[in-house]
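S.K.: If you scroll down you'll find the structure; I have some questions about it.
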Amino acid sequence: MLHTVVMAGGSGTRFWPVSRRELPKQFLTLFGDQSLIQQAVRRCAELSSADSTWIVTNAVHAVETGRQLPELAADHILIEPCGRNTAPCIAIAAARLLADDPDAIMLVTPADHVITPNEAFVAAVERATDTVEKDPSRLCLFGIVPTRPATGYGYIEQGDELTDSDRVFNVARFREKPDLETAQQFLGAGNFLWNSGIFVWRADTILDALQKHCPGVTEVLDRFRDHADTDEWASSLEREFSNMPSISIDYAVLEHSQNVCVLEAPFTWDDVGSWSALPRVHEQDENGNTVLGQHVGIATKNSTIFSSGDHLVTTIGLENCVVVHTERSTLVAKLDDEAQIKELLAALEDDGLEAFL
């Protein structure tokens, strides 16, 4: 049976000051009429019922997760005691699924992506599931046809198309986030895809792959996986999870496995990683501005304006800027300087202003 596993442990720091430690990006409504995590679960509802949908998050966000997703049972919210990247996250989810379903197939998806249309996503997951059912050793991931020479994504080089498949390819190799010149070469080559971080595979297959390629994860997991369907699961996680290495599933398994395939996704995708992503998922006004909230501008172009509540933001002479107003904090920056938000947050912490983080 197909199970959906939504990874919801991110901090969303690049969306500060709207995204904060207690309410990060995945719980915000940045596109559409629901939060990103609600959209992620709704997107998969045709594929997995509530009984086969699981969220992996942390203790700080567990209550908000349950509040936003009341259809899920409490024991379907798996709580990581600390952040350990995606390989440990996927490992504990796989162990928990196998305790209920020895034949579990996992759809693993982040909580904070924008994907349209939903019908195309469902059809793609069904194709990936069919691929895994035909060959249980397959590790299937989704690649996005690039629309620009993005330097913030990892790339996948396509190999040969699988026999009797519909746009599913062997992975020739993974490529790190490139510089602009290399990204332009990838775009021109026509056989490179963005790595979306969305996967389909059997739960037992990914654990076997972790055992082979990253035994540091499974050695710790073996100490408590027998408690996966007992009352001791939470305390075992609390005791052992921090002993796992912090490593992504890409580095831990995918870059070393020979049975990885990539499905060329038929849907549009955006990881909405920062304020500069909003123009890609929202319409612009006649001056190229993306406005969420109340705004009046004079000589303001190609900027992103966000205001909360009934607060009015007014601007004069801005271009390529981001202005974000919340009840407690306001951000004004050049869109090109967004990478410095993490530096800004570190400065706030150094100045004893953690209350604003």
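The values are calculated or read from the model by the stated rules, or taken from the named source; none is laboratory data. If you're wondering where the values come from, they're calculated on a predicted model, not measured in any experiment. Counting neighbours? That spans all protein chains shown, and the Cβs are built from the backbone with ideal geometry, glycine included.
S.K.: For residues in the stretch 227-256 being at pLDDT 90 or above and of a type in the set (Val, Ile, Thr), which is farthest from Trp201 (Cα to Cα)?
M.R.: In this case the residue turns out to be Ile247.
S.K.: Next question. Could you please give the count of residues in the stretch 59-91 that are among the hydrophobic types (A, V, I, L, M, F, W, C) and in contact with a helix residue (DSSP H, G or I) (Cβ under 7 Å, 6 or more places away or on another chain)?
M.R.: Count: 10.
S.K.: Within the stretch 28-53, which residues are under 25 Å from Leu237 (Cα atoms) and surrounded by fewer than 22 Cβ atoms within 10 Å (Cβ to Cβ)?
M.R.: Ala50, Asp51, Ser52
S.K.: For the stretch 295-305, indicate whether the set of residues that are in contact (Cβ under 8 Å) with a residue 60 or more places away in the chain, among the polar types (S, T, N, Q) and not assigned by TED's automatic domain parsing to the domain that holds Asn195 is non-empty. First the steps, then the outcome.
M.R.: Just the residues of the stretch 295-305 that are in contact (Cβ under 8 Å) with a residue 60 or more places away in the chain, to begin with: none.
Checked the stretch 295-305: no residue is in contact (Cβ under 8 Å) with a residue 60 or more places away in the chain, among the polar types (S, T, N, Q) and not assigned by TED's automatic domain parsing to the domain that holds Asn195.
S.K.: Let me ask something else about it. Going by the structure shown, is Arg148 of a type in the set (Lys, Arg) and within 19 Å of Asp103 (Cα to Cα)?
M.R.: No, not satisfied.
S.K.: Evaluate the following for Phe224: is it modelled with pLDDT under 95, of a type outside the set (Val, Ile, Thr) and touching a strand residue (DSSP E or B) at 6+ places or on another chain (Cβ under 7 Å)?
M.R.: It is false that Phe224 is modelled with pLDDT under 95, of a type outside the set (Val, Ile, Thr) and touching a strand residue (DSSP E or B) at 6+ places or on another chain (Cβ under 7 Å).
S.K.: Given (1) in the same structural domain as Asp166 (by TED's automatic domain parsing); (2) closer than 28 Å to Ala339 by Cα; (3) more than 19 Å from the chain's Cα centre (by Cα), identify the lone condition not met by Ser242.
M.R.: It is condition (2) that Ser242 fails.
S.K.: Among the residues of the stretch 330-351, is any within 21 Å of Leu28 (Cβ to Cβ), among the acidic types (Asp, Glu) and part of a loop (DSSP other than H, G, I, E, B)?
M.R.: No: zero hits.
S.K.: Working only within the stretch 186-236, note down all residues that are surrounded by 16 or more Cβ atoms within 10 Å (Cβ to Cβ), among the small types (Gly, Ala, Ser) and not in a helix (DSSP H, G or I).
M.R.: Hits for the stretch 186-236 are Ser196, Gly197, Ala228.
S.K.: When only residues in the stretch 1-27 that are assigned to a loop (DSSP other than H, G, I, E, B) and more than 14 Å from the chain's Cα centre (by Cα) count, which is surrounded by the fewest Cβ atoms within 10 Å (Cβ to Cβ)?
M.R.: Glu22
S.K.: Let me ask you something else. Can you pull out every residue in the stretch 1-19 that is hydroxyl-bearing (Ser, Thr, Tyr) and either farther than 18 Å from Val60 by Cβ or touching a strand residue (DSSP E or B) at 6+ places or on another chain (Cβ under 6 Å) (or both)?
M.R.: Thr4
S.K.: While we're on this one: Within the stretch 248-260, identify whether any single residue is under 30 Å from Asp100 (Cβ atoms) and assigned to a strand (DSSP E or B), and answer yes or no.
M.R.: Within the stretch 248-260, one or more residues are under 30 Å from Asp100 (Cβ atoms) and assigned to a strand (DSSP E or B).
S.K.: Which of the residues that make up the stretch 261-280 are under 29 Å from Leu28 (Cβ atoms) and either acidic (Asp, Glu) or assigned to a loop (DSSP other than H, G, I, E, B) (or both)?
M.R.: Ala265, Pro266, Phe267, Asp270, Asp271, Val272, Gly273, Ser274
S.K.: State all residues of the stretch 131-181 that are among the aliphatic types (A, V, I, L, M) and closer than 22 Å to Ser248 by Cα; if no residue qualifies, say none.
M.R.: Once the filter is applied, which keeps residues that are among the aliphatic types (A, V, I, L, M) and closer than 22 Å to Ser248 by Cα, the stretch 131-181 yields Val132, Leu139, Leu141, Ile144, Ala150, Ile156, Val171, Ala172.
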